[in-house]
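Worksheet: the structure to be examined is printed underneath.
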Amino acid sequence: MLPTAPDDTFVYVNTPDGVAALAAQIDRAGRAAVDTEADSLHHYYQKVCLIQVAAGGSVYIVDPLCGVDLAPMLAALGRCPLVLHGADYDLRMLRRNFEFRATRIFDTMVAARLLGYEKISLAGLVEKHFGIVLPKQGQKADWSRRPITPDLLQYAANDTRYLEALADLLRAELAAQGRERWHEEMCVRLIAEAEDDPRESEPEKEWRIKGWRQLETTRALGILREIWYWREEEAKRVNLPPFRILGNETMIKLAQWAETTTDFTTAPKLPRNCVGRRLHALKQAVGRGRRLPESQLPQFQIPRKGERLPSAEDIMTRLKKARNEAALQLGLDPGLLAPASTLECIARRRPASVQQMIEFCGLYAWQAELVGSVLLAAMNGSRAESRQAPVPPSAETAP
């Protein structure tokens, strides 16, 4: 049954009996919608503060901070298909906090992107399909604080209340357009990628924040790297998200400035809380970056083992042009058809075949079918082939 009016009922779960009852409800329903609320906007060491579950027509809000054992509920969730919206973060947090592993998921955000929706937020989809406007007051809340106000609990409950009905509608649209297999492939990878802890990153990549390519010298890169490590340590020390210590844009400006200037009275404007011990530590980090030997400065391109660097910058231009033309004909977001990170990998590694694009650069099989040969031709500079239009599968021929 499709929802036609807002609902404000939910069950708050914070006892062993409540967890056991919810686990039984999930098993009876055979499917559940799941969402989480964390405190990532307020703490460096982020944690899951609420788990919302919809199953069998009821909505539950589970409190992981109350000390109750959630194992029965998590085991039940692991046995059944799950519906999530933007599953990547939720799956990673559940894996990190509770060693939870999903077996099968349906991501409504991924579905909306594959269907070419302009608005892919949960609120946008609920309003479009059900005519219900969801409140937004909880988007920046600190979910670790207790007690939780009634309006925040209602906000949290709404994150799963409409997901199952929404998933049914989107699944039917995917089937009508022959894109169910695309969606399934992307959801399978989401589950697999949740197993990888992003905290175990590559040291020479983790500090390359948005905007780092604006820097023009390796010296500026070295200063940026030292500032990044300073920010990480400071964020850990006070248990705050790094962006609340110093924003990325300011870090880039500071690295540019520090390359040629030492007088901090002329530095880019810093946050009001960057004083005393914190400011002193920042100055030391900048100084370390200035004094790094040339041999220890980071480089602009980061070749992986076995990679061949491109000989010309126009490879990316050709790839983007071919990708954008194909996306326009298919009615898809270009970034969905082939993300910039995938194109960059192709430009760097120059795979010899479409299969190598899949193996080395993470291209999905459905993406490879649509634009693999087009990208390969564009990479090799074949204008004739790169103009060939991809043919979208029809609902009748899709497997």
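See the values below:
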read-out: Counted residues, segment 77-107 - those being out of contact with any Asp or Glu (no Cβ under 8 Å at 6 or more places or on another chain) and among the β-branched types (V, I, T); value: 2
read-out: Single condition I209 does not satisfy, out of (1) part of a helix (DSSP H, G or I); (2) among the β-branched types (V, I, T); (3) surrounded by fewer than 20 Cβ atoms within 10 Å (Cβ to Cβ); value: (1)
read-out: Cβ pairs under 7 Å, 6+ apart, first in segment 240-256 and farther than 19 Å from Q284 by Cα and assigned by TED's automatic domain parsing to the domain that holds Q46, second surrounded by fewer than 21 Cβ atoms within 10 Å (Cβ to Cβ) and among the acidic types (D, E); value: none
read-out: Top-ranked residue in segment 86-110 [being among the hydrophobic types (A, V, I, L, M, F, W, C) and closer than 14 Å to L170 by Cα; ranked as surrounded by the fewest Cβ atoms within 10 Å (Cβ to Cβ)]; value: M109
read-out: Candidate set from segment 242-271 (those that are surrounded by fewer than 14 Cβ atoms within 10 Å (Cβ to Cβ) and in a loop (DSSP other than H, G, I, E, B)); member that is nearest to the chain's Cα centre (by Cα); value: P271
read-out: Test result for E325, at pLDDT 90 or above, of a type in the set (D, E) and in contact with a helix residue (DSSP H, G or I) (Cβ under 9 Å, 6 or more places away or on another chain); value: yes
read-out: Test: residue in segment 176-194 that is farther than 30 Å from L370 by Cβ and of a type outside the set (F, W, Y); value: no
read-out: Total residues in segment 62-85, condition touching a helix residue (DSSP H, G or I) at 6+ places or on another chain (Cβ under 9 Å) and either within 16 Å of A20 (Cβ to Cβ) or surrounded by fewer than 16 Cβ atoms within 10 Å (Cβ to Cβ) (or both); value: 13
read-out: Tally of residues being surrounded by 16 or more Cβ atoms within 10 Å (Cβ to Cβ) and either not basic (K, R) or not assigned by TED's automatic domain parsing to the domain that holds A377 (or both) across segment 345-355; value: 5
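Residue-by-condition table, conditions (1) surrounded by 14 or more Cβ atoms within 10 Å (Cβ to Cβ); (2) assigned by TED's automatic domain parsing to the domain that holds P241; (3) touching a strand residue (DSSP E or B) at 6+ places or on another chain (Cβ under 9 Å):
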position	(1), (2), (3)
N158	yes, no, yes
A167	yes, no, yes
E173	yes, no, no
A176	no, no, no
E180	yes, no, no
V188	no, no, yes
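The values are calculated or read from the model by the stated rules, or taken from the named source; none is laboratory data. Quick caveat: nothing in here was measured; it's all calculated off a predicted structure. Cβ: placed from backbone, ideal geometry, glycine included. Neighbour counts: every protein chain shown.
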